[in-house]
Amino acid sequence: MPTKAETVAHRRRELKFARALGIGTGIFLIIWGPLSLSRWLGTGPAWSHIEGVFDVFFGMLLILPYARIHSQKLWKRLMILLTAVSVLFVFVLVFDVLYIANLYVENANPQAAPASAEKSLYVYDDDTGPKLPFPVLNCALVFLALMQAPVVFFSRYPEKLD
């Protein structure tokens with residue numbers, strides 16, 4: 001059975017790894033925000049530009065060095081902002097998936113895939129192949145976004161994990 005010191009050291013390593021994932025996600029979002037506008041080929045809705053700016057803002061918030069912030073007041077404000085923006089980010093991603101699915105339904109008149117279809121990750125399927133893939137990137141980003149606020153909190157207060 002590991003000692004308490006070993007358990008704390010193991011938790012700190014896990015939190016550092018999770019935080020590194022958050023920093024990587026932040027860098028990805030800073031790059032992805034402007035590039036995601038190209039998927040609309042210049043004809044995207046007005047909110048797609050807001051979404052691109054929001055992605056960059058959230059990415060910048062993720063890469064902040066929270067461990068180096070010594071002011072408790074500033075850290076609390078940034079923690080509240082990170083938590084709120086993380087939740088808002090999830091809603092933005094869900095809205096994005098629903099909007100794209102709606103565009104597809106309006107423009108393609110797909111046939112509903114049978115329930116026993118082999119390609120169960122696809123919402124619609126017709127003679128030309130799968131059309132609307134399961135949004136894997138958005139699912140991964142939701143997971144990583146919601147993970148960061150607790151990781152930042154417990155990195156500052158690892159004793160509260162017990």
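Would you mind telling me which numbered condition in (1) modelled with pLDDT of 80 or more; (2) open to solvent by less than 70 Å² (accessible area, probe 1.4 Å); (3) under 18 Å from the mean Cα position of the chain (by Cα) Ser48 fails?
The single condition Ser48 does not satisfy is (1).
Which condition number does Thr43 fail, the rest of (1) open to solvent by 90 Å² or more (accessible area, probe 1.4 Å); (2) modelled with pLDDT under 75; (3) in a helix (DSSP H, G or I) being met?
(3)
The values are calculated or read from the model by the stated rules, or taken from the named source; none is laboratory data. As the structure is a prediction and not an experimental result, all values here were calculated from the model. We work out accessible area using only protein heavy atoms, side chains counted, and drop any ligands, DNA or RNA first. Shrake-Rupley method; radii C 1.70, N 1.55, O 1.52, S 1.80 Å.
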